[in-house]
Structures are given as C-alpha cells and as structure tokens.
Amino acid sequence: MAGALRVAVVGVGQRGLQHVESIAKLQADEEVQLVALADPFEENLAEAKVQSIATSYKQGSTQLFTNVDEMIDTAKPDAVWFVMPPNQHRGEIERTVAKGVAIFAEKPQSLFYDEIKSQADAIDKAGVPSIVGFQKRYDPWYTAIHDYMADKQLASAMAVSLSSVEGHSAKHTPTERQGGPANRVWTANRAWSGTSMVEAGIHQTDQIRYWVSDDVKWVQAAYVERPEDLQESQGDNPTAYTVVYGFKRGGIANVIFTKPARSYFNDKYEYVHTPDAHIAFEDDLVVYSYQGADYPPASRPTREQLRTVLAAGPESNPMGSESTLDISRQFARSITESDPSLRRNSFRSSMNSLAAVLAANVSDSLGGIRIDIDEFENSDKFAEYRQRPEGL
Ligand SMILES: NC(=O)c1ccc[n+]([C@@H]2O[C@H](COP(=O)([O-])OP(=O)(O)OC[C@H]3O[C@@H](n4cnc5c(N)ncnc54)[C@H](O)[C@@H]3O)[C@@H](O)[C@H]2O)c1
C-alpha cells in the first residue's frame, strides 16, 4: 500500500458511512489507505455498526478517534473527508488545513457565511486541494448538459424536487444529547439544517450552476411554513419552497422543493432551455432544436428532425453511489496525480451555491425581496444573517 493517499473521515453517520464504503472500495484498488475515522460519539465508530452500512469496510489498521485534532496529529492523513452536521463546525477545517491536509467538505460547508469565509480563507492560505461534496457534478447526464451548454446561453432551467420529510432512524448524530431534535431527524429542524433549501436544495442550486458554468447573481424566494401544530412531529422546516435565481451571464432558474410529511413520495422534473433549444430528460437525455438552414421551415419538423441524443439512457441516479464513489476517486487522484482538473469544484468556487441558498432564506424572511448575492456576501446590511446566532 506504500504510496497510497492516506485518508480519514470525520463524522461517521449517514453520509460518512457512504464515504467509508467508497473509500473501502478505493482502498481495495490500492488508490487510498483509510488511516482513521473520527467521531465524538464512540458508538458510531464500532466496526459492526460501520459495517452494517459500509459493507466493504474492515477496521484493520484504521485508527479510531473521538477528537479530530488528536486524529490529525496521530494518524497524519493527507486528506480528510468532513461529514459532520453543518452547524457543528468549530474551526476543525481551519486547524486541519493549517497542517497541510487536503479537504473534502460535505455540503453545506457550514450554515453561517462568516464561518464559510473563514474556512475558505484558511484553505486558500494553506494552498491545499479542496472539494465540496456535490457528487452530481460527476453524473454522466449532468456532465453532458455541462458540455452541451459550454458555448450556449441559458434562457431558463428548472429543477423540481418532490420529496417528503426525512425518515426517522436515518441519522446518527445523537441530537437529543446536544439540545437538538429529540427524534434525531435534524434535517427537518431549521436550526440544524438551515431549512431544506440549504440542506438539500443546495444540490439543485449547484447542479444548475454546473450545467451552465455560471454563478448565481441574485435570488428571490417564497416558502410555505409548516403549520405550527404539526411542527412538533414533522419538524419546523417549511413544507414548500419556490426559489428563482438570476445568473451572472444571464438566464434564470427555478428550484422548487416540496416537503410534505406522510407522503413518502419522490420524483423530480428538470429541463434547460436556450434561446434555440430545449433539453429534456426522457428515456435518453435529448435536445430538441431545429438545425435546418431554412428556418423557419414551411411545415412543422418531425420529432426525428428535432431530436438529438446528448446521452443514452437509462439515467443513473445523480445522487447515488456511483457518483459518490467517483467524486471521491477523482478527488484522491487529483492529489496523487497532482491534477487539479479532476476536481469539478473547490471549496472557494462552491461558496456561490451556499451563498445562494442562504440568501434564499433571507429573501423569504424579508417578504420575497430580490437579494444580490454579492451584497449578501459583503454588505453590512446583511451582516446579521451571516453570523452564527448567539447560543447555538
Ligand atoms: N452529498 C450528499 O448527497 C449528502 C447526503 C447526506 C448528507 N450529506 C451531508 O453530510 C453531512 C452529515 O450528514 P449525515 O446525514 O451524515 O448526518 P448524521 O447525523 O447521520 O451523521 C453525522 C455524523 O457526524 C458526527 N458528528 C456530530 N458532531 C460532530 C462533530 N462536532 N465532529 C465530528 N463529527 C460529529 C455524528 O456523530 C454522526 O456520526 C451534512 O453536512 C449533510 O448535509 C450530504
């Protein structure tokens, strides 16, 4: 195993276990060595518990720690996957990168923009490689859209995510011991998740940025609050979200999220269009656009004349285990092969996705006003929204 990248995972919960599974596979391919796991709650480090989800994991020489700083000093990893709840960061990323360690940060990197700035500044100062866990950037269909749109202008894009309040027993942080929700479903809790738009809608926000290689310039949002009498059992996050983004190079996008309880329903609907074309998610990923020199043609073109396959079906799950494995594989290789082009984002470049969803919350709370992202990030007017609230 000499020469393999020495990696560690901090936070061995729902997502951390998926990363442990990917890393165990990469270890079998001798691409990495899993030198340590860290989690403040010892029960989450037990081999049998880890193996119940990460079936390829064997503890072997992997060291276990309940303290991140001790783990960095003792196990001396080259790269750390940070997979802890986003409101629980207390400078761990800053201290880790100061020791020259590369960072894979799960989204959302934090819930407080001031802390994200501090993390990004520390990463840039240390000059270490970084990536944020937007695995959709490693999905073949989404990459085909990214490539197709490279020389085109966005008119509009849509990402509708129809889902439900998160299930019980999925989460591993004992929030009941930390002043959080009694049922551990912290993703349904506003103080822990920052709303579902921050916790989950950040994926749709980032995917559209990836599709069009652009940054969000402004946001307007309207949410529907969950009825108060349902909040004890369903959490206090809104039940519906509508967010509109404007992009720097033009074009708009809609991100729509539904979060009813009891429905256990999941579906999605997505499209992108340019002034001359419509990209549709069908059995294949296709673009509809008439390319004849005689535009407008004398009669309506046939479907065959309009339709070009951008990527063959069936569509894989862009959130699934394949893209999750690939983002970790490419991150590890980007370091061992000194090839930054394998990283499809960096901590710094991902800040726009986080600023956009945090500013969406602010827009909704101020009655749906349009918020300029640059102002959200820098103006005194929004300073109070960038800070960790007292007592949290
Ligand atoms: N990219 C994705 O598709 C995806 C999917 C799920 C979750 N996530 C993200 O991963 C992160 C973790 O979410 P999760 O679903 O695994 O939650 P979880 O509660 O299941 O697991 C979090 C783990 O972190 C540990 N932890 C808690 N406080 C910690 C601290 N101070 N230091 C170190 N570890 C700590 C917990 O004990 C637990 O094992 C979140 O940011 C979440 O948004 C990303």
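General remarks:
- Cα-based shape type of the stretch 1-122, given that a ≥ b ≥ c are square roots of the gyration tensor eigenvalues and the cut on a/c is 1.5: prolate
- Label point 7 Å beyond Cα of K99 along Cβ direction - residues of the stretch 29-47 with amide nitrogen under 18 Å: 33-41
- Span from the the stretch 378-392 Cα centroid across to the the stretch 247-281 one, whole angstrom: 30 Å
- Counting other Cβ atoms within 10 Å as a rough exposure proxy, the listed residues T195, T258, T62, T302 run T302, T258, T62, T195 from fewest neighbours to most.
- A full extension of the chain between S118 and E176 corresponds to an added length of 18.0 nm, given 0.36 nm per residue minus the alpha carbon distance.
- Rg/Rg_ref, the stretch 248-392, where Rg_ref = 2.2 N^0.38 Å and atoms are Cα: 1.45
- Net charge over other residues, Cβ less than 14 angstrom from the Cβ of D151 (K, R count +1; D, E count -1): -1
- Entry note: the stretch 244-292 has Rg to Rh equal to 1.09, where both radii use alpha-carbon atoms and Rh is the Kirkwood radius.
- Relative contact order (percent, whole number), the stretch 211-283, Cα cutoff 8 Å, 6+ residue spacing: 24 percent
- For the peptides 83-91, 14-22, 264-272, 48-56, residues were scored by their other Cβ atoms within 10 Å and the scores averaged per peptide; the highest-first order is 14-22, 83-91, 48-56, 264-272.
- Of the peptides 326-334, 176-184, the ranking by mean beta-carbon count within 10 Å, highest at the top, reads 326-334, 176-184.
- Charged-residue dipole, Cβ positions (Lys, Arg, Asp, Glu), the stretch 1-102 about Cα centre, Debye nearest 20: 100 debye
- The share of alpha-carbon pairs in the chain lying farther apart than 35 Å comes to 27%.
- Label-point separation, S56 to M319 (7 Å along Cα→Cβ), nm: 2.2 nm
- Directionally averaged shadow of the stretch 86-137, computed from the convex hull of its alpha-carbon atoms, nm²: 3.4 nm²
Bear in mind that the values in this text are calculations on the coordinates, not laboratory data. Just so it is clear, the model here is predicted, and its values are computed rather than measured. Here the Cβ is made from the backbone with ideal geometry for all residues, glycine too, and neighbour counts use every protein chain on show.
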